[in-house]
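Just below is one structure, and these are the notes that go with it.
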Amino acid sequence: MSTDIQPQPGITDIALYEGGAASLDGVKDVVKLSSNENPFGPSEKAVEVYSKSSRALHRYPSTDHKNLREAIAKVHGLNADRVICGVGSDEVIAFLCQAYAGPGDEVIHTEHGFAMYRISSLAAGATPIEVKERERITDVDAILDACNEKTKLVFIANPNNPTGTMIGGSEIARLAAGLPKQTLLVLDGAYAEYVEAFDGGANLVDSRENVVMTRTFSKLYGLGGLRVGWGYGPKHVIDVLNRIRGPFNLSQAQMETAEAAVKDREHAVRCREENTRLRAWLAEALAEIGVPSDTSCANFILARFATPEEANTCDDYLKTQGLIVRRVAGYNLPHCLRITVGDEASCRRVAHAVRQFKEGKA
């Protein structure tokens with residue numbers, strides 16, 4: 001192996017991202033609750049559009065995403081010219097790091113924040129800075145204390161993954177107002193649609209020049225396998241991001257399907273309401289058997305156990321029952337398991353299995 005050919009500094013520090021497992025060797029009737037997917041799937045209207053789009057696979061897609069951007073803007077009350085689309089919100093996050101952070105710069109994220117913040121920062125050559133949370137909730141004062149002249153980006157997931165917690169608009173506004181003048185605040189709203197009447201920070205984006213919001217079609221809209229996300233920000237930021245975005249980063253099938261999905265408000269509302277109902281049921285059912293969780297505002301709960309050993313042993317037992325959840329030691333939460341809110345049958349099945357485990361009947 002040549003020692004002269006080397007990647008850019010920081011890249012070898014990146015640990016490979018591991019998605020949620022989807023199968024178990026030797027186990028049938030598996031329920032996947034490890035990736036925060038919508039158990040009800042995408043809108044039937046979106047599926048129909050996706051099927052029809054296959055007839056034009058020989059055509060290059062639009063480079064400006066105009067129809068999708070306008071559909072997003074209409075549904076959310078935004079300016080379409082300030083919307084950018086990407087391959088999941090992950091790509092928009094990567095664009096931000098590529099455009100605004102590099103060697104000698106720092107990028108702040110919280111201790112239980114989404115792994116891609118650190119990965120994209122290192123890929124850009126910047127230094128990720130991890131800031132403590134307060135009881136698994138974003139601590140604005142801790143973030144502000146960590147800022148300095150090197151800080152170029154601050155990433156906040158609100159609601160956060162994997163904790164499910166969120167902070168209010170006044171705290172977000174206080175954070176934006178207190179940042180150094182060269183710093184962008186990025187509000188990751190991957191789970192924003194699960195909070196009724198929440199704009200994900202769009203109003204703050206409109207009122208300031210240092211705030212960007214990212215969103216995804218992978219969660220509420222059930223299009224995780226299609227990889228479509230978007231961002232909304234000040235014109236000067238979106239103009240920069242579009243300069244580094246590949247002209248054909250989204251296929252026509254992706255754009256048309258996402259457009260149909262965002263327009264189907266009936267399906268979106270139904271999925272949010274079912275998630276809210278089943279999330280409350282599952283959290284209460286687990287709390288009754290001694291497995292607490294913080295109030296979640298997303299489509300999962302973070303189940304807390306007494307020790308990392310108990311969490312891992314419970315996970316091992318769940319696997320024998322065909323239930324796949326997510327260990328989150330990599331997010332500094334070794335005593336927790338993240339459990340996606342599935343359909344009613346899945347929620348009842350996982351609650352029953354955890355009860356069996358806690359009562360020593362495993």
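What follows is calculated from the coordinates using simple rules that are stated; it is not laboratory data. Here the structure is a predicted model, which is why all the values come from computation and not from measurement. Note that we place each Cβ from the backbone using ideal geometry, even for glycine, and neighbour counts take in every protein chain shown.
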With label points set 7 Å from each Cα along the Cα-to-Cβ direction at residue 16 and residue 312, the distance between them in nm comes to 2.1 nm
Long-range HN-HN contacts of residue 131 with modeled amide H, under 5 Å:
109, 110, 111
Measure out, as a whole number of angstrom, how far apart the alpha-carbon centroids of the stretch 250-269 and the stretch 201-235 sit.
15 Å
Least to most buried among 333, 282 (fewest other Cβ within 10 Å first):
333, 282
Can you compute the charge dipole magnitude of the chain about its Cα centre, using +1 on each Lys and Arg Cβ and -1 on each Asp and Glu Cβ, nothing else charged? Give it in debye, rounded to the nearest 20.
740 debye
Calculate log10 I(q)/I(0) of the stretch 24-83 for q = 0.15, 0.17, 0.25, 0.29 Å⁻¹, where I(q) comes from the Debye formula with a single equal point scatterer on each Cα and nothing for solvent.
-0.78, -0.88, -1.08, -1.11
Once phi is turned into θ = phi - 60°, what whole-Hz ³J(HN,Hα) does the Karplus curve with 6.51, -1.76 and 1.60 give for every residue of the stretch 106-123, x standing for Gly and Pro?
10, 10, 9, 9, 8, 4, 10, x, 4, 4, 5, 5, 5, 4, 5, 5, 5, 4
Between residue 359 and residue 174, the two model label points (7 Å from Cα along the beta-carbon direction) sit apart by a distance in nm of 4.5 nm
Mind listing the phi-derived Karplus ³J(HN,Hα) values for the stretch 204-213, rounded to whole Hz, using 6.51, -1.76 and 1.60 with θ = phi - 60°, and x for any glycine or proline?
5, 4, 5, 9, 9, 10, 10, 10, 10, 10
I need the phi-derived Karplus couplings for the stretch 86-98: 6.51 cos²θ - 1.76 cosθ + 1.60, θ = phi - 60°, integer Hz, Gly and Pro marked x.
x, 7, x, 5, 4, 5, 5, 4, 5, 4, 4, 5, 4
What share of the DSSP beta bridges in the stretch 44-263 is antiparallel, in percent to the nearest 5?
35 percent
5 Å is the cut-off here: which amide hydrogens, built 1.01 Å from N in the peptide plane, fall below it relative to residue 190, excluding neighbours closer than 5 in sequence?
158
Mean Cα-pair separation over length for the stretch 44-263, i.e. relative contact order, pairs under 8 Å, 6 or more apart, %
28 percent
For the charge dipole of the stretch 44-263, defined by +1 on Lys and Arg C-beta atoms and -1 on Asp and Glu C-beta atoms about the Cα centroid, which residue among 175, 46, 228 has the Cα displaced farthest towards the positive pole?
46
17 Å cut-off, amide nitrogen to a point 7 angstrom out along residue 48 Cα→Cβ, residues in the stretch 250-280
256-268
If R0 is 35 Å, what FRET efficiency do you get for residue 348 and residue 56 from their C-beta distance, rounded to 0.05?
0.25
Within the stretch 1-85, chymotrypsin sites (Phe, Trp or Tyr not before Pro) in DSSP loop having at most 16 other beta-carbon neighbours inside 10 Å
17, 40
If you average the sequence gap of Cα pairs under 8 Å that are 6 or more apart and divide by the length of the stretch 20-96, what percent do you get for the contact order?
14 percent
Exposure proxy check on 3, 110: fewest-to-most Cβ neighbours within 10 Å is 3, 110
Want the number for residue 235 to residue 67: 0.36 nm per residue separation, take away the alpha-carbon distance, what's left?
58.6 nm
What is the set of long-range amide H partners of residue 323 at a cut-off below 5 Å, with H atoms built 1.01 Å from backbone N?
31
Sort out the exposed loop GluC sites (Glu not before Pro) in the chain (DSSP loop, at most 13 other Cβ within 10 Å) and tell me the longest stretch that has none.
19-134
1/(1 + (r/R0)^6) with r = Cβ-Cβ of residue 182 and residue 24, R0 = 56 Å, i.e. FRET efficiency to nearest 0.05, evaluates to 0.70
